[in-house]
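The values are calculated or read from the model by the stated rules, or taken from the named source; none is laboratory data. Note that this is a predicted model, so its numbers are computed, not measured. Cβ atoms come from the backbone with ideal geometry, glycine included; neighbour counts cover every protein chain shown.
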Amino acid sequence: MPTATASGSLTATIGWSEHADAAIAGKEAAESALKRLSSLKPRLALVFGSSWFNQAQLVQGIRSVVGQIPLAGESTAGEISPRGPVSRSCVVLLIASEPLVCRVGVGERVDRAPRAAGQQAARAVLREFPGGTRAGFLLFGDGLVTGYEEAVRGIQEILGTSTPIVGGMAGDDLRFVQTYQYANHQVVSRAVVGVLLGGPVKLGVGIEHGFAPISKPRRITRARGNILYELDEQPAASVYEEYLGPELVQRMRGRGLMRQGIAYPLGIQLEETDQWLLRSVVSFGEDGSLSCSGEVLQDAWLQLMIGNRELALEAARKAAQHAIRSLNQVGCVLVFDSAIRRTLLGSQHAALEIARIREVIGVSTPLVGCYTYGEHAPFGATAAYGRTATHTGSVLVVALGT
Amino acid sequence: MGPSLTYIILAIATLMTLLLTLGSAWVVQSWGIIATFVVVGSLVYLALKVESARLELNELRRLRAAYDQLDKQAKLIIRTDLELHRTQEELDRRLTSLMSLHQLGRQLEVSLRPEEVFSKLDTATVMRFGFSKGLLGQCPSPDTVEWRSLIRISQSAADHLKTHLVASGLLKQILAKPAPTMLQSASVTDQAQRKLLQLLEVPAVVVAGVAPHAGPAGCLLLGREGASNSSDAKADEELVSVLTNQLEIAVDNSTLYEQSWRSQQELERKVQERTHELAEANAELIRLNKAKSDFVSAVSHELRTPLAAVKGYAALLGKGQFGALNTPQAERVAKMERHADLLTQLIDNLLDIARIESGRITMERILIPVKEFLATIHEVVHPQLEAKRLRYLVESDGVVQLVGDPQHLRRVFINLLSNAIKYTPEGGMIRFHLKPEGSSVLASVSDTGCGIAPEELPKLFQEFYRANDPINQQIRGTGLGLALVKRIIEAHQGQIWVNSEKEKGSTFSIRLPVG
């Protein structure tokens, strides 16, 4: 079911397939997107594929249709197709724009040396980049690896802080075994895959979560990286347990992420703002520490957050509004929506969330995306790009246009 | 304003104290009183300030207590909300499982044989129930199991499980007590059960028997990753109970279906046998009927010649060819002649019926002008009509010709009219009506006679059947007239039927093709 739009010089089409065979699904999705482009030549392919597919065959299937153009993407915890939230499918977005410049780069081994991986990816995209305006850097990360804040710093050391970095962390349909990222012909894991976009295109970004604080603020008295050791000089796990109860925490220790746990993320209050950066608790340390889904800032204030469906839907609408605010013409919209939100909202409301975004961007604008294990974006819509962070439980809307 | 004022007053007080200390000799003389006022004023202000700070501190403590109170309430809200999430999660799981059960139920419904039922468990269903692996087998006897569905279990592992279940007696236990039971490695003490968990490589398994009323029993094992608490275990047991219940119903149904299918096959076979026997009997009847017709034909033929002689001699005797007869003799001879006529007529009719049945008479198909046809008939029946003073009404409704054998059709209508005359009392009416009806002509003979009882109607056209009424007892007849009429009409591809009402009259109708 392909859709297409032409916005000034940016035309985007979508192809989608639910075929059970990976190679056929990739081929079908790419073919239907390419058919809609008619005589235009695609310059970039963005791919969101179910983790149930054989990933190499999926990418091969797509490349057999689109040829050697830059290709990037990732495995998902669910895809967002023109039909709304779906699973076990492949979605391909083809962008055709004559002056659009894009290069795909890979940085590997994020789990061992995240900053170096970020630098490696940034150097790779710059190596072939012809120069000119840089619109933004699309980042596809591994959702089962932490430390992407460091990788972003690595990217910024090479690209500078004026290029917005946005993207999502690959998922594997909530199996938490292995996720994949696509870079041209490669299928990789534990990597930084980036697309540097340049030319006369603009990138609009909106990220929201809709959660509100419920507990009293606690000072983060000891933290390093994504490990939260102490809150108000008490072991973080015991404070966490005060709120969620010992029985649930005990069960979370055994099973890892659970619906009840992700329903109450930790919110880190950003200085001088009324915004909270969300983190979910990934695991419990023997020393009473909490391992979080992203970096935790020492000395910041932390509160337990609560959400509801209406707030979540409203957040999606706001994110979409922020994303398109600075654009004259919207060519296409990418949505990186947290898998947590899909789980919490349930299938019916997850579809409503995408419908809210569509209401804002218009029905004719192509919209694709995926459910992720984390989102990368600057804080808020107006904040400095230098403060790109890894988010959790948020809906990130990225609008490409002029 | 508060703090800065405090600092100014403190600064003045300090300055005054300094001045008092440095130049007490001359200042005391001139400014002593002022300085004392300032110092005392400052001290009073400071005292007030301290009191205010104490009050603010109390307020702060109160606010902090309220804040902590709110935080406690937040904890309460979170716990309550968590319970809701948990319930929601449980409901979602149940819903998914029930949907799966529903889907499985639909698949099971179309299982026509018990063996098929046991092979219907698939990976998707097991996963949706929240289990990671499973086995479903059919038990031809309590000592063995034949696995039909293996979900994420290798054949060799399944063979080992079979050997263990049989050897340890677990299979017998499961079949004797088929209700689902959750076995968890953390709580199981029985060695056989512990080994079962080891062979399955899971920390928890639900074992259940499938015990249908009819058909073979079965055994179901569903293993799950991760330990369950008691409520989860109970929910799993309930779920598996519904599942085994469905399997039992499906086995029952498929067994009944198999039985009814076999019964139906048996029935069909018997029907075929009976049909064959009936066909043979029918063929025999046809053969016998032909033999009867041939016999009647032969006998009648043989009777005709001597009968012609009897009739001839009786006629000669009656005419006095062999001498004048006295009255009693003449009467007897006349009677002989009448009876011989009747017998001749009977034999003629019998012969005709036999000829028509055996196909030895073919009906001509020629155009018969209606006017002349009706006139010849009228000629024959006129004396009888006159004798009984009956009204005779003929209507031909534009029908100008008939198609058929004129001689035989004349017999038909004369016969019907004679009957009508016979059964209609004096002064009655007889109506002979013809009307076109598509490619046929509908001819009917109605009378205002005594009518025919309803129970007599079906037998009316049978050979030798005579309605049981007073007139028939008085008037002699062969009982072959209507039988012959029916055969002649059928030989013309026509139809004949009768409508009658007792004491009102009868109508004999004939549909005769003319196309």
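Annotations
- Pair list, Cβ < 8 Å and 6+ apart or interchain, from segment B:44-65 residues that are outside the structural domain of B:ILE9 (by TED's automatic domain parsing) to residues that are charged (D, E, K, R): none
- Residue pairs whose Cβ atoms lie under 8 Å apart, separated by 6 or more positions or on different chains, with the first residue in segment B:313-336 and without any contact (Cβ under 8 Å) to a residue 12 or more places away in the chain and the second surrounded by 12 or more Cβ atoms within 10 Å (Cβ to Cβ), are B:PHE322/B:LEU316; B:LEU325/B:LEU317; B:LEU325/B:GLY318; B:LEU325/B:VAL333.
- Residue identified as modelled with pLDDT of 85 or more, more than 14 Å from chain A (Cβ to nearest Cβ) and over 30 Å from B:LEU243 (Cα atoms) among B:LEU121, B:LEU63, B:LEU46: B:LEU46
- Some residue of segment A:330-350 being closer than 24 Å to A:ARG36 by Cα, surrounded by fewer than 24 Cβ atoms within 10 Å (Cβ to Cβ) and either in the same structural domain as A:LEU37 (by TED's automatic domain parsing) or touching a residue at least 40 places away in the same chain (Cβ under 8 Å) (or both): no
- Residues of segment B:182-204 satisfying the condition of being in contact with a Ser or Thr (Cβ under 9 Å, 6 or more places away or on another chain), under 15 Å from B:ALA158 (Cα atoms) and modelled with pLDDT of 90 or more: B:LYS195, B:LEU196, B:LEU197, B:GLN198
- With respect to the stated conditions, B:ILE77 fails to be away from chain A (no Cβ under 14 Å) and either farther than 22 Å from B:ASP232 by Cβ or surrounded by 11 or more Cβ atoms within 10 Å (Cβ to Cβ) (or both).
- Candidate set: segment A:268-279, residues that are part of a strand (DSSP E or B) and not aromatic (Phe, Trp, Tyr); chosen: the one modelled with the lowest pLDDT: A:GLN269
- So B:LEU101, is it in a helix (DSSP H, G or I) and either aliphatic (A, V, I, L, M) or within 14 Å of chain A (Cβ to nearest Cβ) (or both): yes
- Identity of the residue in segment B:342-365, of a type in the set (Asp, Glu) and more than 52 Å from the chain's Cα centre (by Cα), that ends up farthest from B:LEU512 (Cα to Cα): B:ASP348
- Single residue of B:SER119, B:SER185, B:SER132 found to be surrounded by fewer than 20 Cβ atoms within 10 Å (Cβ to Cβ) and in contact with a Pro (Cβ under 7 Å, 6 or more places away or on another chain): B:SER185
- Positions within segment A:97-126 being touching a strand residue (DSSP E or B) at 6+ places or on another chain (Cβ under 7 Å), farther than 16 Å from A:PRO70 by Cβ and among the hydrophobic types (A, V, I, L, M, F, W, C), in sequence order: A:VAL110, A:ALA117
- Of all residue pairs spaced 6 or more apart or on separate chains, those with beta-carbon atoms under 8 Å, a first member in segment B:171-187 that is charged (D, E, K, R) and a second member that is surrounded by 14 or more Cβ atoms within 10 Å (Cβ to Cβ) are B:LYS172/B:PRO142; B:LYS177/B:GLY209.
- Screening the candidates A:ALA223, A:ALA237 for the property of being assigned to a helix (DSSP H, G or I), away from chain B (no Cβ under 14 Å), crowded, with 16+ Cβ neighbours inside 10 Å and not basic (Lys, Arg) yields one hit, A:ALA237.
- Flag: B:THR125 matches the condition of being hydroxyl-bearing (Ser, Thr, Tyr) and either assigned by TED's automatic domain parsing to the domain that holds B:ILE249 or at positive phi (or both).
- Filtered residues of segment B:479-515 (kept if aliphatic (A, V, I, L, M) and either surrounded by fewer than 16 Cβ atoms within 10 Å (Cβ to Cβ) or free of Cβ contacts under 8 Å to residues at least 60 places away in the same chain (or both)): B:ILE496, B:VAL498
- Strands (runs of 3 or more DSSP E) lying entirely in segment A:280-383 (those with 1 or more residues that are more than 24 Å from A:LEU144 (Cβ to Cβ) and within 14 Å of another protein chain (Cβ to nearest Cβ)): A:301-306
- Any hit, segment A:194-213, residues being within 14 Å of another protein chain (Cβ to nearest Cβ) and crowded, with 20+ Cβ neighbours inside 10 Å: yes
- When residues of segment A:1-18 are limited to those that are assigned to a loop (DSSP other than H, G, I, E, B) and more than 18 Å from A:ILE80 (Cβ to Cβ), the one modelled with the lowest pLDDT: A:GLY8
- Which numbered condition A:ARG222 misses (of (1) modelled with pLDDT of 90 or more; (2) not assigned by TED's automatic domain parsing to the domain that holds A:VAL282): (2)
- Boolean, B:GLU258 is within 24 Å of the chain's Cα centre (by Cα) and either within 30 Å of B:HIS339 (Cβ to Cβ) or of a type outside the set (Val, Ile, Thr) (or both): yes
- Per-region count, segment B:405-439, residues under 29 Å from B:PRO470 (Cα atoms), of a type in the set (A, V, I, L, M) and either in a strand (DSSP E or B) or not assigned by TED's automatic domain parsing to the domain that holds B:GLU490 (or both): 2
- Just one residue in the set B:ASP159, B:ASP232, B:ASP190 is surrounded by 16 or more Cβ atoms within 10 Å (Cβ to Cβ), farther than 21 Å from B:GLU248 by Cβ and of a type in the set (Asp, Glu); that residue is B:ASP232.
- Some residue of segment B:365-377 being in contact with a strand residue (DSSP E or B) (Cβ under 7 Å, 6 or more places away or on another chain) and among the charged types (D, E, K, R): yes
- Within segment B:420-460, the residues that satisfy the criterion of being crowded, with 17+ Cβ neighbours inside 10 Å and farther than 30 Å from B:GLY398 by Cα are B:CYS450, B:ILE452, B:GLU456, B:LEU460.
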